[in-house]
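Novice: After the structure tokens below, expect a handful of questions from me.
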Amino acid sequence: MSYNVHAGKGEEFISYIEKHNPDILCLQEIYGRDNAAILGEKYQSTKQDDDSSISNHIFSRYRIIRSGGIEGVLRQNGVWADLKIKDDTIRVVSLHLQSTSIRPEDTQFLEKHEYILDKERDSKLRSIVERLVENNRKRALQADAVADFLEKSPYQTIVCGDFNDVPLSYTYNRIAGGLDDTFSKQADGFAYTYNTRYHLLRIDNILVSPSIEVVSYEVDNKIELSDHYPVVSRMKIEANK
């Protein structure tokens with residue numbers, strides 16, 4: 001399971017995770033340490049920097065033999081862990097890449113800007129465009145760093161997380177190069193992972209090495225604990241591939 005839990009807090013969030021009981025759980029944007037500590041009692045987990053208030057964790061039923069951050073990406077944006085699964089080692093990566101920084105008031109403006117004076121409109125548009133361009137640049141640099149890291153992996157790899165970009169983007173294609181998208185392998189029709197009015201954006205992903213068989217894929221659009229929806233994939237890992 002990969003889940004950006006931005007607004008997911010407390011007992012309801014923990015109960016949801018426990019109900020689904022994933023073997024490998026990648027969580028992005030955990031605010032505070034309470035949830036991470038509770039899950040850490042049930043799973044092995046990657047360690048988080050002590051001074052970070054926003055966590056990006058990998059929780060595993062399997063033994064974590066080593067873990068770390070990705071050079072060129074802040075630790076809350078990219079962590080990895082090598083898991084011992086029977087006789088194999090599987091590398092898991094959890095990502096939360098640079099957001100667009102488009103706020104609800106920006107979306108409202110874009111939909112109803114005819115009611116704003118020309119000077120205010122131009123200033124607002126300039127602010128939105130500048131943020132989009134700058135954050136797209138940051139996300140592209142993060143994607144390059146992640147892709148370089150993945151290319152050096154000696155193990156079968158699972159990449160999870162919130163890419164904050166769509167499948168047609170540079171970010172997605174730079175990271176997904178050489179990997180299979182579990183959505184493409186097993187999804188039945190259309191899927192969206194971000195909770196917006198238009199239900200269009202699939203920005204959360206689970207990607208795997210081609211040697212890993214994807215058995216199923218689903219997005220749980222019924223749970224509303226966050227502004228994202230959890231993505232779940234079942235897979236079969238053949239020994240020594």
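Novice: If packing is taken as the average number of other Cβ atoms within 10 Å across a peptide's residues, how do 156-169, 58-71, 17-30 rank, most packed first?
Specialist: Ranking the peptides 156-169, 58-71, 17-30 by packing returns 156-169, 17-30, 58-71.
Novice: In addition: If packing is taken as the average number of other Cβ atoms within 10 Å across a peptide's residues, how do 223-233, 80-90 rank, most packed first?
Specialist: By packing density, highest mean first, the sequence is 223-233, 80-90.
Novice: Gly72: net charge of surrounding residues, Cβ under 14 Å, Lys/Arg +1, Asp/Glu -1, itself excluded?
Specialist: Once positives and negatives cancel, what remains is +2.
Novice: Using the Cβ atoms and a cut-off under 13 Å, what net charge is assigned to the surroundings of Ile58, where Lys and Arg are +1 and Asp and Glu are -1?
Specialist: +4
Novice: I'd like the accessible area for Lys42, computed on protein heavy atoms only with a 1.4 Å probe and all protein chains in place. Round to 10 Å², please.
Specialist: Surface accessible to solvent at Lys42 totals approximately 90 Å².
Novice: Same structure again: From the phi of every residue in the range 138-146, what ³J(HN,Hα) in whole Hz does the Karplus formula 6.51 cos²θ - 1.76 cosθ + 1.60 yield, where θ is phi - 60° and glycine or proline is x?
Specialist: Along the range 138-146, the couplings run 4, 5, 5, 5, 5, 4, 4, 5, 5 Hz.
The values are calculated or read from the model by the stated rules, or taken from the named source; none is laboratory data. What you are looking at is a predicted structure, and each value in this text was computed from that prediction instead of being measured. Cβ atoms come from the backbone with ideal geometry, glycine included; neighbour counts cover every protein chain shown. When the accessible area is computed, the model is the full protein with side chains, heavy atoms only, and any ligands, DNA or RNA have been set aside. Shrake-Rupley method; radii C 1.70, N 1.55, O 1.52, S 1.80 Å.
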